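The values are calculated or read from the model by the stated rules, or taken from the named source; none is laboratory data. Computed from a predicted model, the values in this text were never measured in an experiment. With ideal geometry, Cβ positions are generated from the backbone for all residues, glycine too; neighbour counts draw on all protein chains shown.
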Amino acid sequence: MELQGSLLDLVDDPGLAPLSRAERIELSHGAWVDVLPGWLTGADTLFERLAAEVPWRAERRVMYDRVVDVPRLLAFYDEDDPLPHPILAEAREKLSAHYLPELGEPFRTAGLCYYRDGRDSVAWHGDRIGRGRLADTMVAILSVGAPRELALRPNGGGKQLSFPLGHGDLLVMGGSCQRTWEHAVPKTTKPVGPRISIQFRPRGVR
C-alpha cells in the first residue's frame, strides 16, 4: 500500500513547531511521555526522501532455535555520521536544547526504522542496551509516513496506552520509561501505508 499524504501537510519544505506545545502524560514509577502531533510539517516530503535515499538494510536474528527476518528495515547514524536530511539535524538540536535541563546531555544518535506495511512490527521491549538499563534517560521518536500504533504498557503487562504516530508526530519517552515500561509497534491486518520512525537517543542508549 502506498503512502496516502495528509491533507494537513501540504508543504514541500519541512519545518518544526515549538516544542513548548508538547503535552506531558505522567505514567507510573517515574515514567512519562511527551506527545506533540504534527511537530514536523512537510513530513510526507521527508518520508519520500528517506524512503528513497537512506541505505536501508534488512537484518536476521536468532529467535529460539532458528534464524528469522527482522520485520522492518533499519538504518543507524552514530553521533559523528551526517544525518540523511538537514531537518533531522535541526530536530536533534532542538530536542537537545529543549530537554537539556531534564536530560543533562544532548541527543547524539539517530536510529531509523522503515515499516513497509502492517506485517512489519517491533515486539514489546525497552531500550535497555547500555545506560537505559540502569538509569533514567530519554528516547525521542519522530514519525513520518502513514500513522501506526505505538503501544506502551508497564513491564510485565497491564493497562496499555496507544498513540497513532505518523505525518510528523513526535513522542518522547522519559524518566524511567525504558526501565519500567515497554513499547511496541504491533502487526496489523488493517490496510496501512508505510511509516518511518526516527529515534533520537543520548550516547550509550540503544
### Query
In this structure, does GLU105 turn out to be closer than 21 Å to ARG206 by Cα, more than 17 Å from the chain's Cα centre (by Cα) and at pLDDT 95 or above?
yes
### Query
Looking at the range 39-49, which of the residues that are more than 16 Å from ARG92 (Cα to Cα) and of a type outside the set (Lys, Arg) is surrounded by the fewest Cβ atoms within 10 Å (Cβ to Cβ)?
GLU48
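To keep it simple, each residue is scored yes or no on (1) assigned to a strand (DSSP E or B); (2) touching a Lys or Arg at 6+ places or on another chain (Cβ under 9 Å).
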| residue | (1), (2) |
| --- | --- |
| MET173 | yes, no |
| GLU182 | yes, yes |
| THR188 | no, yes |
| SER197 | yes, yes |
### Among (1) more than 16 Å from ILE196 (Cβ to Cβ); (2) within 16 Å of the chain's Cα centre (by Cα); (3) loosely packed, with under 14 Cβ neighbours inside 10 Å, the one test that PHE76 misses
(1)
### Task
Kindly indicate whether any position in the range 128-135 is surrounded by 16 or more Cβ atoms within 10 Å (Cβ to Cβ) and in a loop (DSSP other than H, G, I, E, B).
no
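Conditions (1) in contact with a Pro (Cβ under 7 Å, 6 or more places away or on another chain); (2) surrounded by fewer than 16 Cβ atoms within 10 Å (Cβ to Cβ); (3) among the charged types (D, E, K, R); (4) under 23 Å from PRO191 (Cβ atoms), marked per residue:
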residue	(1), (2), (3), (4)
ARG119	yes, yes, yes, yes
GLY126	no, no, no, no
LEU142	no, no, no, no
ASN155	no, yes, no, no
### Query
Does the range 119-127 contain any residue that is at pLDDT 95 or above and either out of contact with any strand residue (DSSP E or B) (no Cβ under 7 Å at 6 or more places or on another chain) or among the acidic types (Asp, Glu) (or both)?
yes
## Note on the structure
Here the qualifying pairs (Cβ atoms under 8 Å; residues six or more apart or on different chains; first in the range 30-59 and among the basic types (Lys, Arg); second buried (at least 17 other Cβ atoms within 10 Å of the Cβ)) come out as ARG49/PRO84; ARG49/HIS85; ARG57/LEU73; ARG57/ALA75
### Task
Tell me which residues, restricted to the range 129-140, are in contact with a strand residue (DSSP E or B) (Cβ under 9 Å, 6 or more places away or on another chain) and of a type outside the set (Gly, Ala, Ser).
ILE129, ARG131, ASP136, THR137, MET138, VAL139
